[in-house]
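Since every read-out is calculated from the coordinates, none of them should be taken as a lab result. Everything numeric in this text was worked out from a predicted model, so none of it was measured. When we count neighbours, we look across all protein chains shown, and the Cβ atoms used for this are built from the backbone with ideal geometry, even at glycine.
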Amino acid sequence: MSAIDTAASPAPTRLPPCWGCMALALAVVAAIVWSFAYLAVDYRQLFGRESMRLMAKFIGEFFPPDLTTTFVAKAAWGALQTFAVAAIGTALAVVFGAAIALPAAGRFGVAPRLAARLLLNFLRSVPELVWAALMVIAAGLGPFAGTLALALHTTGVLGRLYAESLENIPPAPERALREGGSGRIAAFAYATLPLVAAQGVAYALYRLEMNIRMAAVLGFVGAGGLGQLLYFHLSIFQQAQASTLLIAMFVLVFAVDSLSAFVRGRLLPAHG
Amino acid sequence: MSAAAGTIAGPRVTLRDPAARTRATALVVALAVLWPLLWLAEFKPWHLFDSGNLQVMASFLAGFLPPATAPEFLALLWKATLETLAIATAGIALAFVIAVPLAVVATRALSVSRIGPGPGRGVGAAVRTATRGLLTVLRAIPEVVWALVFVRALGLGPGAGVLALAVTYGGMLGKVYTEILESGDTRSARALLEAGSPRLGALFYALVPSTAQELASYTVYRWECAVRASVVMGFVGAGGLGQLMDQSMKMLNGGEASSILLTFLGLVIVADAMSALIRRVLS
């Protein structure tokens with residue numbers, strides 16, 4: 001052939017086999033198989049005629065939803081209460097999370113860092129529903145317990161996110177200000193805070209979206225709002241009313257998601 | 001520097017913050033909105049310090065120590081932990097099976113009709129929108145409501161929890177897979193589709209290699225969340241640590257509740273570590 005083809009071209013290099021990946025894949029498949037075997041659930045019951053009929057009957061009772069004015073007003077009130085619970089819980093979490101994030105980012109030494117990290121891990125590991133069950137005992141039934149539960153859990157989540165943001169930002173601007181003679185708080189406020197603020201608000205809005213969904217579920221343990229109404233109407237088998245409440249939940253989630261996306265789009269002009 | 005600026009001749013300029021008015025308005029609006037919200041949420045922190053409440057809280061907290069360590073209870077705890085892990089893993093496996101086909105249909109990166117002019121754009125867009133709508137519906141209904149539906153068919157127990165997790169997390173995984181597949185570099189997928197490759201071929205040879213780490217990372221994160229969600233579903237009867245905790249709290253057995261909480265914290269830490277390990281192996 002031509003001279004170009006006879007020039008020795010290096011054989012295509014083959015990547016060495018990724019033994020870690022294969023071992024991992026095997027372990028994951030084994031874990032999945034073990035899980036199904038351990039639970040030993042008879043899924044055939046799901047496809048039996050009687051259970052299909054029961055499920056279909058149950059779902060059918062949800063339509064048509066109860067659209068009388070009184071009940072729609074009640075659902076709207078519940079939605080407002082759920083929004084209030086989520087909003088105030090998230091706002092409290094921003095304040096306390098930011099406060100705990102400062103020691104957790106190592107600004108006051110190693111020991112406070114470990115203590116703050118432990119506290120944040122504890123707060124975020126306990127699920128919101130468990131916090132709500134505990135808060136109902138402390139603060140009584142009602143939306144206040146839900147607010148506290150969301151505030152406690154979200155403080156852990158936001159505190160950790162804020163601490164990681166604080167650790168990741170470049171220290172040069174703040175150090176420049178400190179070496180120029182500025183006080184500690186001023187240096188932090190003018191050099192570090194603008195860099196983390198936009199991302200911090202984005203995280204908070206994202207958590208608000210998730211907290212709206214959680215606030216509805218928290219009502220199941222008595223924390224007020226749409227969830228409490230939903231639990232009540234489901235337990236007395238009033239599926240039509242439960243259906244209206246579910247629709248109210250979707251509308252609320254959709255509205256908050258859209259609002260949050262809009263605000264995030266405005267805040268972060270270069271956000272991808 | 002300030003001395004040099006001071007010597008420039010000219011009328012004295014009063015310093016004014018251009019953002020001051022916007023910020024003041026935003027603050028007033030926020031306070032005006034906050035007040036009714038606080039009232040709606042019945043935000044009365046002073047109730048926490050009512051004498052009756054404090055006593056109830058104190059006796060409840062006192063009951064938490066010491067944590068229960070009887071051998072039969074520890075055996076129950078071990079079984080419940082395994083059950084929670086199994087529910088989470090089985091739920092995520094089924095969610096994956098639900099999410100992948102929906103994501104492949106809904107993602108714009110694998111859409112042949114979008115490439116260049118030609119028939120089928122409207123149909124393609126309609127199918128994608130319908131699939132995204134389905135994913136939103138799956139995500140929107142809370143797991144506990146799905147669990148109640150499946151309890152009708154399977155009775156109380158872990159089966160209802162697994163299916164409820166599968167449906168909800170299938171929706172979440174599907175939505176995020178769609179977005180991840182679109183967010184990478186889709187030119188290679190487009191090149192393959194233009195050359196006539198089947199969609200699955202374009203998926204496996206062009207999209208998955210570049211996005212595999214992100215896909216796997218999110219799936220492992222969702223598995224961690226599933227572990228927590230299966231505890232929550234245990235409260236409505238789906239077995240595992242949640243059901244055990246619900247029973248202990250109903251009997252006001254603080255010692256057992258604190259053992260279960262500590263086990264749960266340990267489980268979360270282990271799940272966190274495993275997830276970090278898997279993500280490190282994949283990178």
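Just checking the output field for B:32-43: average partner chain Cβ neighbours within 10 Å of each residue's Cβ?
Details: counts 0, 2, 4, 0, 2, 10, 5, 1, 12, 18, 12, 9.
That works out to 6 on average.
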Checklist outcome for this item: For the protein assembly as shown, the charge dipole (Cβ of Lys, Arg +1; Cβ of Asp, Glu -1; about the Cα centre) points to a positive end, and the Cα of A:Ala30, B:Ile260, B:Ser248 closest to that extreme belongs to A:Ala30
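By its C-alpha gyration tensor, with a ≥ b ≥ c as the square roots of the eigenvalues, how is region B:1-149 shaped: rounded for a/c under 1.5, else prolate for a/b larger than b/c, else oblate? Display every interim value, and only then the final one.
Values: a/c = 2.54, a/b = 1.13, b/c = 2.25.
Because a/c hits 1.5 or more and a/b fails to exceed b/c, region B:1-149 counts as oblate.
Inside 10 Å of the C-beta atoms of A:139-149, what's the mean count of C-beta atoms belonging to other chains? If you can, show how the numbers build up before the last one.
On the way: counts 8, 8, 0, 4, 4, 7, 1, 2, 6, 3, 0.
Rounded to a whole number, the mean comes out at 4.
Using packing as a proxy for protection, rank B:46-57, B:149-160 so that the peptide with the highest average count of other Cβ atoms within 10 Å comes first. Don't skip to the end; give the middle numbers.
Details: B:46-57: 11.9, B:149-160: 20.3.
For the peptides B:46-57, B:149-160, the packing ranking is B:149-160, B:46-57.
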Item to check | Cross-link partners of B:Lys250 among lysines (Cα-Cα below 29 Å; sequence separation of 8 or more within a chain) | outcome: B:Lys44, B:Lys79
Item to check | Loop trypsin sites (Lys or Arg not before Pro), region B:1-107, which have at most 12 other Cβ atoms in a 10 Å radius of their Cβ (DSSP) | outcome: B:Arg12, B:Arg16
Checklist outcome for this item: Computed over all unlike Cα pairs, the Kirkwood hydrodynamic radius of region B:87-203 in Å stands at 15.4
Checklist entry - Straight-line reach from A:Lys74: which aspartates and glutamates have a Cα under 16 Å away, not including same-chain ones fewer than 8 places off? => result A:Asp66
Checklist entry - In vacuo Debye scattering of the protein assembly as shown, one point per C-alpha: log10 I(q)/I(0) at q = 0.10, 0.13 Å⁻¹? => result -0.98, -1.56
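Name the shape class, rounded, prolate or oblate, that the alpha-carbon gyration tensor gives for region A:20-59, where a ≥ b ≥ c are the square roots of its eigenvalues, rounded holds for a/c under 1.5, and otherwise prolate holds if a/b is larger than b/c and oblate otherwise.
Working: a/c = 5.50, a/b = 3.32, b/c = 1.65.
In terms of gyration-tensor shape, prolate.
What is the Rg over Rh value, at two decimals, for region B:167-239, using alpha-carbon atoms and the Kirkwood definition of Rh?
Dividing the radius of gyration by the Kirkwood radius yields 1.17.
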Checklist entry - What list of ³J(HN,Hα) couplings, whole Hz, do you get for region B:211-227 from phi and the Karplus terms 6.51, -1.76, 1.60, once you set θ to phi - 60° and write x for glycine and proline? => result 10, 4, 5, 5, 4, 5, 4, 5, 5, 5, 4, 5, 4, 4, 5, 5, 4
Item to check | Packing rank of B:62-71, A:82-91, where each peptide gets the mean count of other beta carbons within 10 Å, highest leading | outcome: A:82-91, B:62-71
Checklist entry - In Å, what is the Rg of the alpha-carbon atoms in region B:71-282, and how long is Dmax? => result 20.5, 71
Checklist entry - Given H placed on each backbone N at 1.01 Å, which residues far from A:Ala223 in sequence or on other chains put an amide H within less than 5 Å of it? => result A:Gly142
Checklist entry - Once every DSSP H run of n ≥ 4 in chain B is given -39500 (n - 2.57) and the sum is divided by its residues, what mean residue ellipticity at 222 nm do you get, rounded to the nearest 500 deg cm²/dmol? => result -25000 deg cm²/dmol
Item to check | Whole-Hz ³J(HN,Hα) from phi, Karplus 6.51 cos²θ - 1.76 cosθ + 1.60, for region A:244-252, glycine and proline x | outcome: 4, 5, 5, 4, 4, 4, 4, 4, 4
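If each DSSP helix of 4+ residues adds -39,500 (n - 2.57) and the sum is divided by the residues in chain A, what number results at 222 nm, nearest 500 deg cm²/dmol? Write down the numbers at each step before the final one.
Values: 13 runs with 209 residues, N = 272.
Helices in chain A give a 222 nm mean residue ellipticity of -25500 deg cm²/dmol.
Most exposed first by the Cβ proxy, i.e. fewest other Cβ within 10 Å, how do A:Cys18, B:Cys225 rank? Could you put the intermediate results ahead of the total?
Values: A:Cys18 12, B:Cys225 16.
The order, fewest Cβ neighbours first, is A:Cys18, B:Cys225.
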Item to check | Relative contact order (percent, whole number), chain B, Cα cutoff 8 Å, 6+ residue spacing | outcome: 25
Checklist entry - How large is Rg over Rh for region A:149-272, taking Rg from the Cα atoms and Rh as the Kirkwood inverse mean of 1/r across Cα pairs? => result 1.18
Checklist entry - Rounded, prolate or oblate: which one fits region A:14-153, using the alpha carbon gyration tensor with axes a ≥ b ≥ c (rounded when a/c is under 1.5, else prolate when a/b beats b/c, else oblate)? => result oblate
Checklist outcome for this item: Shielding of B:149-160 by other chains, given as the mean Cβ count within 10 Å, works out to 5
Checklist entry - Each residue of region A:44-60 in turn: what ³J(HN,Hα) in whole Hz from Karplus with 6.51, -1.76, 1.60 and θ = phi - 60°, glycine and Pro shown as x? => result 4, 4, 5, 9, x, 4, 5, 5, 4, 5, 5, 5, 5, 4, 4, 5, x
Checklist outcome for this item: A correct fewest-to-most ranking of B:Tyr221, A:Tyr203 by other Cβ atoms within 10 Å would be B:Tyr221, A:Tyr203
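Against the globular-protein guess of 2.2 N^0.38 Å, express the Cα radius of gyration of region A:67-267 as a ratio, rounded to two decimals. Show your work: numbers first, answer last.
Values: Rg = 19.8 Å, N = 201, 2.2 N^0.38 = 16.5 Å.
Taking the Cα Rg and dividing by 2.2 N^0.38 Å, one obtains 1.20.
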Checklist outcome for this item: So, relative contact order of region A:67-267 in percent, Cα under 8 Å, 6 or more apart, is 28
